[in-house]
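Q: So that we are looking at the same thing, I have put the structure below in structure tokens.
Readers should treat all values here as calculations from the given coordinates under stated rules, not as data from a laboratory. Quick caveat: nothing in here was measured; it's all calculated off a predicted structure. All Cβ positions, glycine included, derive from the backbone under ideal geometry; neighbour counts span all protein chains shown.
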Amino acid sequence: MNPIRVHVHGANGRMGRTVVDGLRGHAGFALVGVSGRSDDLGAALGASRPQVLVEFTLAGPAPAHLRTAIDLGIAVVSGTTGIPAEEVRVLGRAAAERGVGLALIPNFALGMVLLQRFAREAARWFPDVEVLELHHEGKQDAPSGTALDTARRIAAARGGAPRAAAPSAQPARGLSVEGVPVHSVRLPGLLAHQEVWFGGDGQVLTLRHDASDRRAYLPGIFLAIRAILGRRGLIDTLDPLLDTNPTG
């Protein structure tokens, strides 16, 4: 089988450099092009002619990057967070109409995907829950896209009303995301960490995921690259892919 042709946009960033290094060492992929945030992406894609664009940039310019690839008929795997929900819906419709896949994933760490799966199950039995996310001091968004996504999925799965006081009445309790308090920490020495606490009568259930190296995201990114060529339109989680595709 021929390797999948991949172009990386945002290749000068910390995550972009990690992806480039990982692709270069993987026999299943051919790195055919790289570009920086300020480069002309349309021209770069025209020169490299990839099957898949991998994009890690910033929420402001990212929708234009994704639309450029979609309009060219190129599938997209993006880890950029903070894109407004309406923009995501528009991009998903555009990808479906063009007949290409768009994977817009807040976190590619397979451990985090499993944490979210476990959290949805726990939320059916423990409606009282809070989320804590901790990241390095350079992370621009707070809460993180992963924490927001986790809270929304918990809220959708929750089996009953929480007994805890509403965070809106107690600001120190964190930002309320669909009724789930979310707390953010930004400190040097951290990379990416998340805890979900579920409380019940006489017991606490804690789920935690720690990413100590950006290479933790590569298996999930590789999984998304392989899967997106067989998709049409938007996918926003790796969860269903875990049961159908090998990693590595």
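Q: Two decimals is fine: what's Rg over Rh for the range 21-111, C-alpha atoms, Kirkwood radius as Rh?
A: 0.95
Q: Would you calculate the separation in nanometres between label points at residue 156 and residue 243, each defined as 7 Å from the Cα along the Cα-to-beta-carbon direction?
A: The modelled label-to-label distance comes out at 1.5 nm.
Q: Of the options 188, 162, 148, report the single residue whose Cα projects farthest towards the positive end of the charge dipole of the range 110-211 (beta-carbon charges: Lys, Arg +1; Asp, Glu -1).
A: 162
Q: Given +1 on the Cβ of Lys and Arg, -1 on the Cβ of Asp and Glu, and no further charges, what dipole in debye does the chain carry about its Cα centre, rounded to the nearest 20?
A: 440 debye
Q: Calculate the spin-label point distance for residue 236 paired with residue 139, positioning each point 7 Å from the Cα along the beta-carbon direction, and give it in nanometres.
A: For residue 139 paired with residue 236, the spin-label model returns 1.9 nm.
Q: Over the chain, with a Gaussian network built from C-alpha contacts below 10 Å, which listed residue (194, 203, 140) shows the highest mean-square fluctuation?
A: Highest fluctuation of the listed residues: 203.
Q: Gaussian network model of the chain, Cα springs within a sub-10 Å range: biggest mean-square fluctuation belongs to which of 101, 28, 202?
A: Most flexible of the set in this elastic network: 202.
Q: Largest first and in whole Å, give the semi-axes of the chain's equivalent ellipsoid, each being the square root of 5 times a Cα gyration tensor eigenvalue. Could you put the intermediate results ahead of the total?
A: Details: eigenvalues 222, 63, 61 Å².
Largest first, the chain gives 33, 18, 17 Å.
Q: When all C-alpha to C-alpha distances in the range 110-211 are sorted into bins of 5 Å, what percent of pairs does each bin hold, rounded to whole numbers?
A: 3, 14, 25, 25, 20, 10, 4, 1
Q: Place a +1 charge on the Cβ of each Lys and Arg in the range 110-211 and a -1 charge on the Cβ of each Asp and Glu, then give the dipole magnitude about the Cα centre in debye, rounded to the nearest 20.
A: Value, rounded to 20: 220 debye.
Q: Longest span of the chain, sites excluded, free of GluC sites (Glu not before Pro) in DSSP loop with at most 14 other C-beta atoms within 10 Å?
A: Longest gap between qualifying sites, sites excluded: 1-136.
Q: Report the one residue of 68, 132, 90 whose Cα lies farthest in the direction of the positive end of the charge dipole of the chain (charges on C-beta: Lys and Arg +1, Asp and Glu -1; origin at the Cα centre).
A: The residue sitting most towards the positive pole is 68.
Q: From the backbone phi of the range 67-83, what are the Karplus-calculated ³J(HN,Hα) couplings (6.51 cos²θ - 1.76 cosθ + 1.60, θ = phi - 60°) in whole Hz, Gly and Pro given as x?
A: Values, residue by residue: 5, 4, 5, 4, 4, 8, x, 9, 5, 10, 10, 10, x, 6, 10, x, 5 Hz.
Q: Which part of the range 145-164 falls in the paramagnetic zone of residue 204, meaning amide N under 20 Å from the point 7 Å along Cα-to-beta-carbon?
A: 151, 162-164
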